[in-house]
Each structure stands twice: as C-alpha cells, then as structure tokens.
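Please read the structure below before turning to the comments.
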Amino acid sequence: SMQCFPGLVLALSSLLGALALLQLSLHLRVPSRYGKHEERLCRPRGRLPARCAWFLQELPSFLVPALLLALRSPPRLEPLGCRLLCCLFCWHYFYRTFIYPFFTRGRPFPLQLLFFGMLFCIYNGFLQGYYLIYCAEYPNDWCTDIRFTAGLLLFLLGMGINIHSDLLLRQLRKPGEVTYKIPQGGLFTYVSGANYFGEIVEWFGFAIATWSLPAFAFAFFTLCCIGPRAYHHHRYYLKTFTDYPKSRKALIPFVF
Ligand code: NDX
C-alpha cells in the first residue's frame, strides 16, 4: 500500500514551481489563448462547450484527492487537521467542477488547452491530496494555531470573493450571448481581475493553513498563471472601452 515518500513530494513540488516560472515566462507578454484572448472564429472543431470543458478539466482536482482520502487504508483518523485541510481543497474543486460549469456562459473552450488543463489538475490534485493524506503531520492543537486560523480565514475570504466575482461576470450576459461588457460591482469596482484576486488569496490562505511546500508551490503557480491573465484582461478592457473606469487596477486593489 501507499506510504509517504518525502523525496517524491519535494520533486513534484519543485516541478510545480518550475512550471509556474515557465507559465510566467510564456504568458507575461502573450496571454493563454482562451476566452477573450482567443483569435476570433478559428477552428470551431477544436473546441468544446465551456460547460463540458470546465467540468472535465477540473474534475480530477476533486476526484483524485477525494479518492485518496476515501481509499486510504488504514483510514487516517489522526490528526483531524489533515482531513479537514484535504476537505477544504476538495470543497473548492467541488464548486469548480459541479457548480461553476453548469452556470457558466463562457465561449467554447479550446480542446488543446483542456487537455493540458486536465493533466495539470490530475498532477496538482495528486500532489496536494497525497501530501495531506500520507505525509502531513500536525500537532493535535493545529486547529488553534495562528497559521491554521489565519490561513483558513484568508481561504474563506478568497473563496467568497472568487465565487461572488464569478457570479457578477456571469450576470453580464444573457444565455447564449458571447459579448464582453465592463464588469461592475463587488471587487470589480477596484480591480479588473476580481475573480483572480479572490482565487490567489484563497490559495495563499490554503498554503498558510497547511504550512506545506506543495500548497505554497500551488499558490505560487496560481499567482504566475492568473496574475498575468488579470493584467491582460485589464489591457483588453482599456483598449476596448473608452469609458473604462480610470481608477481601476489590474489585480490588487489600489496597488497594481
Ligand atoms: N484552469 C487553472 N501551461 C486553467 C485552464 C487553462 O483552473 O499549458 C489553470 C484553472 C490551463 C491552466 C489552468 C493551467 C496552465 C495551462 C492552461 C492552458 C495552457 C497552460 C495548462 C488549469 C499550459 C504550461 C505550458 C505551463 C504547461 O467567453 P469567456 O470564456 O471569455 O467568458 C468568461 C466570462 N467573462 C465575461 N463575460 C462578459 N463580459 C466580460 N467582460 C467578461 N469577462 C469574462 O466570465 C468566462 O465565462 C467567465 C470567467 O472568465 P475569466 O477570463 O475571468 O476567467 P477564467 O480564466 O475563465 O477562469 C475561470 C475561473 C476563475 O474563477 C479563476 O480564478 C479560476 O477559474 N482559475 C482559472 C485558471 C487557473 C486557476 C483558477 C488556478 O490556477 N487556480
């Protein structure tokens, strides 16, 4: 049966960090080609409806750690912290897999990116789940540790911002519509990438709560992946709408 190999965790986390840097270097100047950054009307055959695409892409991030948690033998009863933290991760991906896709009004998603996105979700789902279920060790009073409580608070705050902002974006369109409008309300008052800001806060909160290398590597990846994307969204809005709010920043309220 499976056991903890610290070398494996170190290797997979380092590779995730390296992927983050690759992601950053690739997408600082040119954004990932999906959504508003995809060239118009190219190859409708190479795409899947947003609904199926997001469901398939994010499913492994829910399934892999959930299965690891359920199938571990003998079941891990102690400490509570590990199961709780693993459940937080699964909770986010439950939303992203089973709720978000069914309401999205996004444009069809490129198959090629879906494939890489899925691979990424298998990889990261395995790394986070494996670490928390087979390797992590917390003192019995971890639930009262400032890192756990502050991290959990940030996680919940970030998740709230992320879900609320996803909702505001969705409401910009009627069903079947694919046009872009100026997002309004919530944190969009201050930044163009409010949903991304929430997601980044969420994963840094998770990293602090788990105080683990894999979770910090994932938070860093998230920052490198959707940070630049927020910047490209911002530039797109400034270019497209002459009446775009001048005081709005790209990602971090009042700062950047
Ligand atoms: N999926 C994370 N890299 C990614 C998919 C692509 O979950 O090969 C990373 C994620 C993957 C990527 C993933 C990893 C890296 C990959 C990449 C593909 C290539 C890349 C694999 C896995 C790669 C290397 C080389 C390193 C291997 O029509 P539309 O779709 O634009 O509509 C949008 C709509 N909308 C508007 N509607 C009206 N008016 C407006 N002005 C609008 N603006 C937007 O709202 C969408 O329906 C919706 C949201 O759009 P957008 O663009 O704001 O968000 P989106 O990027 O689609 O993300 C959706 C949510 C969001 O909450 C975000 O925080 C979260 O998912 N997310 C996204 C990406 C990554 C991630 C989280 C993470 O890293 N944690």
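The values are calculated or read from the model by the stated rules, or taken from the named source; none is laboratory data. A quick note: this is a predicted structure, and the numbers were derived from the prediction, not measured. Ideal geometry is used to build each Cβ from the backbone, glycine not excepted, and the neighbour counts take in all protein chains shown. Please note that ligands, DNA and RNA were not included when accessible areas were found on the heavy atoms of the full protein model with its side chains. Shrake-Rupley method; radii C 1.70, N 1.55, O 1.52, S 1.80 Å.
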Considering only region 1-25, state which residues are closer than 16 Å to residue 137 by Cβ and open to solvent by less than 40 Å² (accessible area, probe 1.4 Å). 9
Checking 147, 105 in turn, the sole residue that is out of contact with any His (no Cβ under 9 Å at 6 or more places or on another chain), of a type in the set (D, E, K, R) and either within 16 Å of the ligand (Cβ to nearest atom) or at pLDDT below 95 (or both) turns out to be 105
Would you point out the residue of region 26-65, among those that are assigned to a helix (DSSP H, G or I) and free of Cβ contacts under 8 Å to residues at least 40 places away in the same chain, that is surrounded by the fewest Cβ atoms within 10 Å (Cβ to Cβ)? 45
When residue 254 is evaluated against the numbered criteria (1) in contact with a His (Cβ under 9 Å, 6 or more places away or on another chain); (2) surrounded by fewer than 20 Cβ atoms within 10 Å (Cβ to Cβ); (3) of a type in the set (Phe, Trp, Tyr), which criterion, by number, is the only one it fails? (1)
Inside region 107-121, can you point out the residues that are more than 15 Å from residue 59 (Cα to Cα) and crowded, with 22+ Cβ neighbours inside 10 Å? 109
Of the residues in region 122-143, those that are farther than 16 Å from residue 72 by Cβ and open to solvent by 40 Å² or more (accessible area, probe 1.4 Å) come to 122, 123, 139, 140, 141, 143
How many residues does region 144-168 hold that are open to solvent by less than 50 Å² (accessible area, probe 1.4 Å) and more than 22 Å from residue 218 (Cβ to Cβ)? 1
